[in-house]
Structure formats: C-alpha cells, structure tokens
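Single-structure report; data block below.
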Amino acid sequence: MSDDDTAETAATSENLVELAKRRGYFFQSSGAYGGVGGFYTFGPQGAALKGNVEDAWRDRFAVAEGNMEIDAPTIMPEPVFEASGHLDGFDDMLVECPECGESHRADHVVEDETEYEDAEGLPIPEVEEVIAKYELVCPSCGAGLAGQAVETFNLMFETNIGPGDSDPGYLRPETAQGIFVEFPRLKEYARNQLPFGVTQIGRAYRNEISPRRSIIRTREFTQAELEYFIDPETDEPDLESVADVEVTLYPASEQNEEGGEEIETTIGAAVEDGTLDPWIAYYLGVAREWYAALGVDMDRFRYRQHLAGERSHYASDCWDAEAELDGNWIELAGFSDRGAYDLSKHDEYSDDRFTIFRQYDEPKTVERAVVDPDMSYLGPEFGGAAGDVVDELEDLAARDRSAFEGDSVEIDLEGETHEIPVEKTGFAVEEQTEAGEHIVPHVIEPSFGVDRLVYTVLHHAYREDEVDGEERTYLELEPEVAPTFVGVFPLQSDDALETEANEIVDDLRAAGLSVTYDDSGNIGRRYRRQDEVGTPFCVTVDFETIENEATTVTVRERDTTEQKRLPVEDLAETLAAIRAGDLSFDEL
Ligand code: ATP
C-alpha cells in the first residue's frame, strides 16, 4: 500500500468518526461527565446497523448451520475462570510512563515504533530490552520508557457477587465460557451426539490497558461466537461446499520468512497442500463469503495465521480474519482449534462430566482388573478410612495389576503406606463387554467481534464524490445492513403531498422495511442526509403523484443518484424484493 493510500484511509477514519457522531452511528459514552475511555454508545443508526449485522450472523452461523443459540449471564463466578485459565493467563503487557504515569500496552509501543509485527508473542525481558535498545518513548508525553519494568496485567473486570467480598465474580472476557460451562446440559439437548454447535451473541468485557481507535478496541464490546463440538477422530466438515472459495492467506511460515508473502489460493487447495486444517478451513470459507455479502472489501481482507508465541493459552492453531483500515491490518475475528482444553479443564475442576459417550461400531470384550475387598477385614482395621482404602485399591488395580502379584499389596493413604493381604482385596481379572467409551470432545471456535466489523463495514463503505457540482459524502452500505432502507419525502410542504407520503410510509413499514420520513429542508439536502447515513433508496412524492391517475413516485438510488418513476401500487413489493436480493434497481 502506498503512502498516498495510507493518508487517504487515515483521512477516511477521521471523517468517519466525525460522521458517526454527527449522524448517530456511535460516540463516546457518558459525555456529560467527561466521557470514559473504552466505552461507546451506538446511536440510532449504529444500533440498527449493529442489529442487522447480528441478525445476519445469526442467520448464517446459527440457523443455516443448524446450531443452537443460547444467552448466558455476563457475570460468572471465580471457579469458572480458575478452570478456564483466564485468572492466571489472560494478561497483557503493561508499561507505565515514569513522567506522566500513563499506562500503555508494551507490545503495542514496540509494534508501533519498531519493525516487530508481533511483540505480543515475545517474553517480557525481551520486550524490556527492545524498549531500551530502540529508546522508545511514552506515546502520551514523550518521556523515555527505557528501564521501566514491563508487567503483566489481567484484563478481567472483578466484582463481588452479593454483599461482602467472599464470593468474587468476573465479567466474562469472552462469551465462550458461558457455552462451555453449560456443556453437560447442552449435550442433552443435542441428544448426546457429536458433532453439534452452540452460538452466543453478547457482551464481553476486557479492562484494556489502552483502549484506542474508537470502537476497534473498547472495554465493553459484543462478540458473536460459535463453539462447534466434534469427535476429532470421526467428524469431518463439509469442505466441498467451500472448496472453491478464493482466499488470501498469510500463513505463519510466510510471516517467519524474510520476504514472505500472502498467498492467493482456494480453500480446497489450501487444505490439500496442508496449509489449512480442514475444520478451520471450512469456517474460513463460510466467513469469507459472509463478510463479502456484508460489504467488507475483499481487496482489503485476509486470513493471517497466529505465530506460535501469539496464540492464546487454549489454542493449538488460530487464524485471524483481518481487514485493512488506515493502512493497518486489524483483527475482525479469530478461528481457533481449542482442542479438548476447555472441556477437560471444566471436567477436572467442576462436579459435572464434560464428556460424551462414543459408541463402538461393535461391542468390545476387554479384560478389567477389579477388586471386591473383604469389609469384615478392612472395617476393623481402618475404621472410617475403609472407604478410602477401597478407592485406592480400585485405582491401583486399574493402574497396575502387577502390584497384586505378591502376598500383600501396598497402598498410600494420606502419606502413610499400608500393607493389605492380597487375599482380602478380592482381586480378579474379569472379561467385560463394553459398548463404547467416554471422550472429551474437541472444540472449533469461530469468534467474531461485532463492533470491529461494524466499524469496518462503515469504513469500507465510505465514499466522497461530486453530484451536480456539489461535494457529497455517502456510505455505500449493503441493503442487508443499512440502518434505514428507504427515506420517504413529500416534495414540499403541502397537506395532500404529506398525506400521500405518510400513507406510503405505512405501506412500506407494513412490508417489513425500515423507513424514515423527512419533510424538513430542501429536497437536495434531504437526499444528502440519507446518502450520508447510507440509505439505499429515497422515494419522493410530488404533484404528479397525487394528480395522476396511475399514481407514481420517484425512486432514487443512492450510489448512482439515478431516478425512476414507479407505480405506488407495487412500491412496497418492489422495494421488498430488492431488499431480499431478488431484484435489482437496474432491472426496474
Ligand atoms: P486483540 O489481539 O485485538 O486484543 P484478541 O485476539 O484478544 O484481540 P479474541 O480473544 O480472539 O481477540 O476475541 C475475538 C474477537 O473479539 C476479536 O477478533 C475482536 O473482533 C473482538 N475483540 C476482542 N477484544 C476487543 C476489544 N477490546 N474491543 C473490541 N473488540 C474486541
């Protein structure tokens, strides 16, 4: 990308943030109290756009895939995050300025000012060395940061559940845990059969060290996540349906190589040559088509594989969907192979079972070492600990049959060794028939950030041109996501025109379209207002409409500003067909 392009897109971002505030897309929250870093409110346009994006995600990743959607609480108790590893491992690197006291993400300071592209993956001492070597300075006040300690900072927001502080809770840092902890119940709804998927769209919270770039890095944001539970030995994705999808990939091997490049390929070819794991490949293919339909510019979109040090504590492989904004690549979504990590952890830490029963094709006969201890011996000998002795003997028999080969067997009870005569243990090797085994499913996770996608859709749709000698700004939003689909205007202030326009508004709303009515200012200004929020069509009611027998209105298309006269009678049906993608304006 050239410097000119970078300058142009940076200007786009500045203009976009200004437009977003002025027109009600998004703005910093609690402005009346000075605003608070990392929290944004979506205004009327933004909330509608975000809602449309979420609906589109639900249609594609829940409904069309046959997955189940849930809605779990955003606060969860501490043991959940002990098990998930977030309490210990969900950290960013923090460096504090010795002069102004401002905190910064040390890896971002390094990435912004050196050639390092992935400082997140570096060990802390190395980050400290790089800061010293390059004499990096505080982005806020310019004071030197060399010699400052880099520390880890846990990103979770802590709270207390109920009065007092004996029951700590955390605002979830990802929606995923709400799905994992309910697995024992969710598997029942899936009739105990793999594979199955569970989705959730909801808020997540991260106490980011330095929130920045408006809604791209905030402290409260919306995620749309799918956890797809598979049997890694038998389940396979429907690769055929995405094999021909063209993708730009930036694998770790290319990133590690000097002069390494992005690769243009197809999902099918990338699986065949081993670049992509089949399950991740499937979701990269589905998501590529979905992003394109939403209006993300595919010339500024790629999938980048995480480098080894960059991966989260739970992931064995991860690819990010990235979009180019202002000359930088930002992460829109992560596609991770979380393996058996999460369910194994919850199985270990909780009282429930996070496994699924895998039925064998044919029942298997296996030899099992069992014990049937003589309680008339163990009772008097061990008293209340006799039950623990039985457990120990059962474990030992399963683990090491040879321990029972002598006259007595040794067991360990709370650090003390005890000898028990083998004849009192009832040890035997029996043949048993087993129908299957309990396995911990693996998880494939596409994890989407909704806010960053909303920002990208707006950024990639931002246009400036000239109409009738006047400069115009417009958003070339796809009809599927545009907050308003059609604006309806009476040409001028007139009772008859206004009545007819209001009737048309009612008709269009009854057809399920999102409509705005505007009668203030001259017609050119009203068009500009709708162009600026990305409304695809405007309908103008003029005197020809009310005087003519075959009543018609002017319909104007946003991008070309082309106008056509259409009968009022089929207006709702025609516009609804365009909204549904069954008809185009050109065909009218
Ligand atoms: P980053 O590296 O940018 O901090 P991440 O790798 O930690 O992001 P994930 O844990 O993979 O992010 O979360 C999934 C998605 O949630 C991201 O792709 C992103 O779209 C979104 N997301 C994560 N953190 C934030 C944030 N602070 N603000 C807005 N969206 C976020």
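Derivation of every value follows stated rules applied to the coordinates shown; laboratory data play no part. This one's a predicted model, so the numbers in the text were calculated from it and none came from an experiment. Backbone-built Cβ (ideal geometry, glycine too); neighbour counts: all protein chains shown.
If a/c stays under 1.5 just call it rounded; otherwise compare a/b with b/c (prolate if a/b is bigger, oblate if not). Do that for region 8-138, with a ≥ b ≥ c from the square roots of the Cα gyration tensor eigenvalues. It is oblate, given that a/c is not under 1.5 and a/b is not larger than b/c.
Under the rule a/c < 1.5 gives rounded, and otherwise a/b versus b/c splits prolate from oblate, where does region 91-154 land using the Cα gyration tensor? Please report the intermediate quantities before stating the final value.
On the way: a/c = 1.57, a/b = 1.20, b/c = 1.31.
Because a/c hits 1.5 or more and a/b fails to exceed b/c, region 91-154 counts as oblate.
Cβ-to-Cβ counts within 10 Å put LYS187, LYS564 in ascending order as LYS564, LYS187, the fewest first.
Extension gain, ARG213 to GLU367: 0.36 nm times the residue separation minus the Cα-Cα distance gives 49.2 nm. If R0 is taken as 41 Å, the Cβ-Cβ distance between LEU307 and LEU588 corresponds to a FRET efficiency of 0.20.
Only bridges with both residues in the chain count here: give the DSSP antiparallel percent, nearest 5. Could you put the intermediate results ahead of the total?
Values: 91 of 103 bridges.
Taking every DSSP beta bridge within the chain, about 90 percent pair in antiparallel fashion.
For region 91-154, the relative contact order comes to 43 percent (Cα pairs under 8 Å, sequence separation of at least 6).
Between ASP88 and ASP391, what is the label-point separation in nm under the 7 Å Cα-to-beta-carbon projection? Reported label-point gap for ASP391 and ASP88 is 2.2 nm. Using the average count of surrounding beta-carbon atoms within 10 Å as a protection proxy, the listed peptides 405-417, 524-536 rank, highest first, as 524-536, 405-417. What is the chain by shape, rounded, prolate or oblate, if you read a ≥ b ≥ c off the alpha carbon gyration tensor as root eigenvalues and call it rounded for a/c under 1.5, prolate for a/b larger than b/c, and oblate otherwise? Taking the square roots of the gyration eigenvalues as a ≥ b ≥ c, the chain is prolate. What cysteines in the chain have no other cysteine with a beta carbon less than 4.7 Å from their beta carbon? By the Cβ distance rule, which asks for a partner under 4.7 Å, the isolated cysteines are CYS318, CYS538.
Relative contact order for region 75-212: what percent, with Cα pairs under 8 Å and sequence separation of 6 or more? Write down the numbers at each step before the final one.
Values: 198 pairs, mean separation 38.3, N = 138.
Once normalised by length, the contact order is 28 percent.
Averaging the Cα positions of each part gives two centres, and for region 161-181 and region 371-448 these lie 36 Å apart. Per-residue packing, averaged as other Cβ atoms within 10 Å, sorts the ranges 18-26, 161-169 into the order 18-26, 161-169, beginning with the highest. For the chain, the 222 nm mean residue ellipticity estimated from helices alone, with every DSSP H stretch of n ≥ 4 adding -39500 (n - 2.57) and the total spread over all residues, rounds to -9500 deg cm²/dmol. Fully extending the segment from GLU532 to GLU262 would add 93.7 nm, taking 0.36 nm per residue of separation and subtracting the current Cα-Cα distance.
What FRET efficiency do you get for LEU155 and PHE357 if R0 is 35 Å and r is their Cβ-Cβ distance, rounded to the nearest 0.05?
Working: r = 37 Å, r/R0 = 1.05.
It comes to 0.40.
With a cut-off of 12 Å between beta carbons, the residues surrounding SER103 carry a summed charge of -4, where Lys and Arg count +1 and Asp and Glu -1.
Calculated FRET efficiency, LEU413 to SER29, Cβ-Cβ distance, R0 = 60 Å: about 0.55 to the nearest 0.05. You can think of it this way: the chain between ASP465 and THR433 has 4.0 nm of extra reach, that is 0.36 nm per residue less the Cα-Cα gap.
Run the numbers on the chain and let me know its relative contact order in percent, using alpha-carbon pairs under 8 Å that are six or more apart.
Values: 1064 pairs, mean separation 74.3, N = 588.
Once normalised by length, the contact order is 13 percent.
Order of 537-544, 66-73 by packing, highest average Cβ count within 10 Å first? Display every interim value, and only then the final one.
Values: 537-544: 20.6, 66-73: 13.5.
By packing density, highest mean first, the sequence is 537-544, 66-73.
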